[in-house]
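To start, the structure under review is shown below, and the notes come after it.
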Amino acid sequence: MKKIGIISDTHSYWDDKYLHYFEPCDEIWHAGDICSTDLAERLADFRPLRAVCGNCDGGQLRLMYPEVLRFKCEDVDVLMKHIGGYPGNYDRSIVSQIYASPPQLFISGHSHILKVKFDKTLNMLHINPGAAGLQGWHKERTIVRLTIEGNKFTDCEVITLGNNHFKE
């Protein structure tokens, strides 16, 4: 059994709440637009970090993290990409890969829109944890926690970190 903390679109913004809410987690998955090697290293020092680079990540982050990451967690096939779309509207950069070999869990970011949705056509769970940083038009900063046991998902939690202060 693994408890996973899922975060995206931090845009260099650090919040100590990340550590508080990811305390019970075994791993942290960042779905891109980290925008700071210091932030990535801080998360990685706290818990094992799996991450993809986003469209705002440059230089060193592009060397540290791939654009697409596919891996196994417990018995679950996971695919992660920053710009990925969502069920019924996957991004053209990943849609053929998703349909050719659907994962059981697809994680994306980019839109700053929190979305947890099951794709019945592909028998796949999609999670976009929203945005945890301050940059962007979102009103609330969010992350997600999820437990994976074998090939099952349980205890999916959406956590609101607070308002986006730029939008108050």
Is there a residue being touching a residue at least 24 places away in the same chain (Cβ under 8 Å), hydroxyl-bearing (Ser, Thr, Tyr) and on the phi > 0 side of the Ramachandran plot anywhere in region 5-14?
-> yes
Within region 22-37, track down each residue that is at negative phi and open to solvent by less than 60 Å² (accessible area, probe 1.4 Å).
-> Phe22, Cys25, Glu27, Ile28, Trp29, His30, Ala31, Ile34, Ser36, Thr37
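Please go through region 56-86 and pick out each residue that is among the hydroxyl-bearing types (Ser, Thr, Tyr) and closer than 22 Å to Leu134 by Cβ. Working first, answer last.
Initial filter on region 56-86 (among the hydroxyl-bearing types (Ser, Thr, Tyr)): 65, 86.
Listed by number, the list holds a single entry, Tyr65.
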Can you confirm whether region 144-153 contains a residue that is open to solvent by 60 Å² or more (accessible area, probe 1.4 Å), under 18 Å from the mean Cα position of the chain (by Cα) and under 16 Å from Glu27 (Cβ atoms)?
-> yes
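Any idea which residue in region 1-21 is farthest from Val68 (Cα to Cα), counting only those that are in contact with a strand residue (DSSP E or B) (Cβ under 8 Å, 6 or more places away or on another chain) and open to solvent by less than 10 Å² (accessible area, probe 1.4 Å)? Steps first, please.
Keep residues of region 1-21 that are in contact with a strand residue (DSSP E or B) (Cβ under 8 Å, 6 or more places away or on another chain), which gives 1-8, 10, 15, 17-18, 21.
The next check asks that each one be open to solvent by less than 10 Å² (accessible area, probe 1.4 Å); those that pass are 4-8, 10, 18.
On the way: Ile4: 18, Gly5: 18, Ile6: 16, Ile7: 16, Ser8: 14, Thr10: 18, Tyr18: 23 Å.
Among residues in region 1-21 that are in contact with a strand residue (DSSP E or B) (Cβ under 8 Å, 6 or more places away or on another chain) and open to solvent by less than 10 Å² (accessible area, probe 1.4 Å), the one farthest from Val68 (Cα to Cα) is Tyr18.
Given the structure, is Gly58 under 26 Å from Tyr13 (Cα atoms) and at pLDDT below 95? I'd like the intermediate steps shown before the answer.
Numbers: under 26 Å from Tyr13 (Cα atoms): yes; at pLDDT below 95: yes.
Yes, satisfied.
The values are calculated or read from the model by the stated rules, or taken from the named source; none is laboratory data. Predicted model only: the values in this text are computed from it and were never measured. Note that we place each Cβ from the backbone using ideal geometry, even for glycine, and neighbour counts take in every protein chain shown. Accessible surface areas use protein heavy atoms only, side chains included; no ligands, DNA or RNA. Shrake-Rupley method; radii C 1.70, N 1.55, O 1.52, S 1.80 Å.
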